[in-house]
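See structure below.
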Amino acid sequence: MTITVYVPLLVTVVLAVLAPRAARRLPPRAAARSLACAATVTALGWLGSLALLSFTGLAQIPEVAEQGHWSVAALRAADPVSLAVAVLGALGLAAATGSLAVAAVRGTRHLRWARREAAALPGDTELAVLDDPVPQAFALPGAPGRIVVSRGMLRCLGDDERAALLAHERAHLRGRHHLYLVLWRLTAAVTPLLRPLADAGGFVLERWADETAAAHVGSRTVVARAVGRAALATTAAQDRPALAATGGAVPQRVRALLGPPPPPRALPVVAGAALLALCCASLAEAAFDSERMVVTARSAERAAATAPADTAGSGHPAPVATAPLAADPEAAADGARHRHHHRGAHRPGGRA
């Protein structure tokens, strides 16, 4: 366990460095799903490793060992995790769980706000046009979701570009991209190392919507032109919603649309899956070793508890077996006189 418990932490660091680069070379849909899987597994592995580290160290405290009924000496011999490492693990676990709880509350509030805004929009169709001269276009998840476009944005685009813009926003709703964003925000709250995955995830979601829009309108150039014009029309001071056509790195998106669609690549997916499998296997092995260590420590504690009684008993002679009392007192007296006479007959100098 001394080594395997640190493997999920190492896998998290490796994926945080390599996964964002690999995701930009994959087809967007596969990249988004791969990043979501990698972020989920590594976040759980991170929490599991911190929990095991904190437990195996704090379990060596005598008061904790007394409550768990295990031997501190046996525990230290099986897995000598220092108290300093255990304290750091406990602090990291507390910080991660606290940050995760805060992110979960914020994510829930944001989704509720989006649903309320979608329900409050005028009309009952998927598209809601705002009478606003400021160019803006975004998708609001709800039941059902709504596509919000201002008149200022529509005036900036041609007919084909408007169709591409609506197809882009519709792809966000149909693909439930807001759930991907919530997932990445939760995993980034567990550890800051996963924030690059969340940033790369936002980009691949926009690329996913771009490719879906290109397939819908039948022209990648039209989508690239729509994305570029929408981004130029949007003022720099305006806050861009998460699922907006002008989100992400617009120059990279336009460059990708002007080229051929990215081909499927098996090597990054296989390599990522191997790292995630290694993370899960190492965490399972560490948990199994921890359980076996506790069982051994409890057995040692029970053996130590029963050892003093056996030692005390071995220092005294075994009790002498005595004959049971006779049921007839007169027979017992006759037997006593017979034994006394028999001992006297064999005593030196005694009378017959």
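The values are calculated or read from the model by the stated rules, or taken from the named source; none is laboratory data. Keep in mind it's a predicted model, so treat the numbers as computed, not measured. Ideal geometry is used to build each Cβ from the backbone, glycine not excepted, and the neighbour counts take in all protein chains shown. Please note that ligands, DNA and RNA were not included when accessible areas were found on the heavy atoms of the full protein model with its side chains. Shrake-Rupley method; radii C 1.70, N 1.55, O 1.52, S 1.80 Å.
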Cβ pairs under 8 Å, 6+ apart, first in region 81-108 and without any contact (Cβ under 8 Å) to a residue 40 or more places away in the chain and open to solvent by 40 Å² or more (accessible area, probe 1.4 Å), second of a type in the set (Ser, Thr, Tyr) and in a helix (DSSP H, G or I): VAL87/SER54
Filtering region 157-179 down to residues that are closer than 13 Å to ALA137 by Cα and basic (Lys, Arg), which residue is most open to solvent (accessible area, probe 1.4 Å)? ARG162
Quick check on this structure: which one of ALA128, ALA103, ALA86, ALA118 is in a helix (DSSP H, G or I), more than 19 Å from ARG229 (Cα to Cα), in contact with a strand residue (DSSP E or B) (Cβ under 7 Å, 6 or more places away or on another chain) and of a type outside the set (Phe, Trp, Tyr)? ALA118
Name the residue that is nearest to ARG146 (Cα to Cα), counting only residues in region 186-201 that are buried (at least 21 other Cβ atoms within 10 Å of the Cβ) and of a type outside the set (A, V, I, L, M). GLY201
Please state which one of THR40, THR12 is assigned to a helix (DSSP H, G or I), of a type in the set (S, T, N, Q) and open to solvent by 20 Å² or more (accessible area, probe 1.4 Å). THR40
Among the listed residues LEU47, LEU26, which satisfies the condition of being of a type in the set (A, V, I, L, M) and either part of a helix (DSSP H, G or I) or modelled with pLDDT under 90 (or both)? LEU47
Does VAL182 meet the test of being β-branched (Val, Ile, Thr) and surrounded by fewer than 21 Cβ atoms within 10 Å (Cβ to Cβ)? yes
Checked pairs for region 215-236, first among the charged types (D, E, K, R), second open to solvent by less than 20 Å² (accessible area, probe 1.4 Å) and not in a loop (DSSP other than H, G, I, E, B), C-beta under 7 Å and 6 or more apart or across chains, list as ARG220/ALA214; ARG220/LEU257; ARG225/GLU161; ARG229/GLU161
Looking at ALA86, ALA118, ALA101, can you tell me which residue is under 24 Å from the mean Cα position of the chain (by Cα) and modelled with pLDDT under 90? ALA86
Is it true that some residue in region 51-62 is touching a Phe, Trp or Tyr at 6+ places or on another chain (Cβ under 8 Å), in a helix (DSSP H, G or I) and at pLDDT 90 or above? no
Within region 285-302, restricting to residues that are open to solvent by 60 Å² or more (accessible area, probe 1.4 Å) and hydrophobic (A, V, I, L, M, F, W, C), the one that is modelled with the highest pLDDT is PHE288
